[in-house]
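For reference, the structure discussed in these notes is given below.
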Amino acid sequence: MSPIPPSLSQASNMRAYMLLTLTTTCWGMNAILGRLAVGEISPMALVCLRWFFVVIILSVIAQRPVRRDWPVLKKHFFHMLIMGAFGFTAFNMLFYLAAHSTTAVNIGILQGAIPVFVLIGAFLVYKTRVTLLQSVGVIVTIIGVMIVASGGSFARLAGFEINEGDALMLLACALYAGYTVALRSRPEISALSFFSIMAASAFLTSVPFVFIEIGLGKFLPPTPTGWIIVVMVSVFPSLIAQISFMTGVRIIGPGRAGVFVNLVPIFASIFAVTLLDEPFEIFQGAALTLVLLGIWLSERGKPPA
């Protein structure tokens, strides 16, 4: 087999970099859309409609791989239903609930801690080896998260006082980290088939929460602006981001692609300041620096494969 020409390899890498940057831009945008949704649509309605639209689109573009992988999908459907419930439904519900009581900047920074939560989860579940440098990275990231959650107040930190929205976002990150760790045991099927079942699971498991929201008198049907937000979260953070990420991973591999996730808190912070006019406080800058430094240390400290 003849080697790949350097120019072709460079072009493929550049395409992957562009796709992965697009992915993290869309995910950073999700924090802004979550804040804009406040007063325009209730959180459970947003989650349900988001995945409903994604399922409709995937039913058109993913028919062939789903039909091909259906014998395997049937065997693992319940397992995948649970994964979709935690990784997509619960994460997004807590994400949009958090947006009611914290800033988009905080959401972005806390979301950036997910890779470290995954490292901790992999150690607890699979006893994955953790090096000294990775441990330092975990500690540094946790310090950054604590600074965000305490609002930069040492008094609140000492009293274990955490903003409700930040607490919900931390729980959301923990659930998504659990979902990510569980991906290790996902069935050997195409990424598009897997995403289709995850999206269907997210829609199905979100429906009961809409009825709970109605029963509690918290349901807010989408306003005209709310419908625009539903379409945007369905197309950008869900569909475009996932397909771009899967394509980028296929080109350069999961290890190199995973580093791009570190851009999410940066894009979220930029969008929050420029589009929502949110202030960017000194403590948030320090926390963002610590979170990114902690992730970098964790990546640098990975044991040999």
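Helices (runs of 4 or more DSSP H) wholly in the range 83-199 with at least 3 residues that are open to solvent by less than 50 Å² (accessible area, probe 1.4 Å) - which ones? Hits in the range 83-199: 91-98, 104-111, 114-126, 132-149, 164-182. Each residue in the range 146-187 was checked for being modelled with pLDDT of 85 or more and charged (D, E, K, R), and 2 pass. Kindly evaluate Phe280 against the criterion of being in a helix (DSSP H, G or I) and more than 15 Å from the chain's Cα centre (by Cα). Considered against the rule, which asks whether it is in a helix (DSSP H, G or I) and more than 15 Å from the chain's Cα centre (by Cα), Phe280 comes out as no.
Among the residues of this structure, Leu204 does not count as one that is over 25 Å from Asp69 (Cα atoms) and part of a helix (DSSP H, G or I). Every condition in (1) in contact (Cβ under 8 Å) with a residue 60 or more places away in the chain; (2) surrounded by 15 or more Cβ atoms within 10 Å (Cβ to Cβ); (3) part of a helix (DSSP H, G or I) is met by Leu220 except one, and the failing one is (3). There is no residue in the range 9-17 that is in a helix (DSSP H, G or I), within 22 Å of the chain's Cα centre (by Cα) and modelled with pLDDT of 90 or more.
Screening Glu40 on (1) open to solvent by 10 Å² or more (accessible area, probe 1.4 Å); (2) assigned to a helix (DSSP H, G or I) shows it passes everything except condition (2).
In the range 63-82, is there at least one residue being among the β-branched types (Val, Ile, Thr), surrounded by 24 or more Cβ atoms within 10 Å (Cβ to Cβ) and assigned to a helix (DSSP H, G or I)? Spell out the reasoning first.
If we filter the range 63-82 for residues that are among the β-branched types (Val, Ile, Thr), which is where we start, we get 66, 72, 82.
Subset that is surrounded by 24 or more Cβ atoms within 10 Å (Cβ to Cβ): none.
No: zero hits.
Only one of the numbered conditions (1) assigned to a helix (DSSP H, G or I); (2) more than 23 Å from Ala16 (Cβ to Cβ); (3) open to solvent by 70 Å² or more (accessible area, probe 1.4 Å) is not met by Ile229, and that is (3). Here are Asn13, Asn30: which of them is out of contact with any Asp or Glu (no Cβ under 9 Å at 6 or more places or on another chain), touching a residue at least 12 places away in the same chain (Cβ under 8 Å), surrounded by 22 or more Cβ atoms within 10 Å (Cβ to Cβ) and at negative phi? So the residue among Asn13, Asn30 that is out of contact with any Asp or Glu (no Cβ under 9 Å at 6 or more places or on another chain), touching a residue at least 12 places away in the same chain (Cβ under 8 Å), surrounded by 22 or more Cβ atoms within 10 Å (Cβ to Cβ) and at negative phi is Asn30.
The values are calculated or read from the model by the stated rules, or taken from the named source; none is laboratory data. Keep in mind the model is a prediction, meaning the values are calculated, not measured. No Cβ is skipped: glycine too gets one built from the backbone with ideal geometry, and neighbour counts run over all protein chains shown. These area figures cover heavy atoms from the full protein model, side chains too; ligands, DNA and RNA do not enter into them. Shrake-Rupley method; radii C 1.70, N 1.55, O 1.52, S 1.80 Å.
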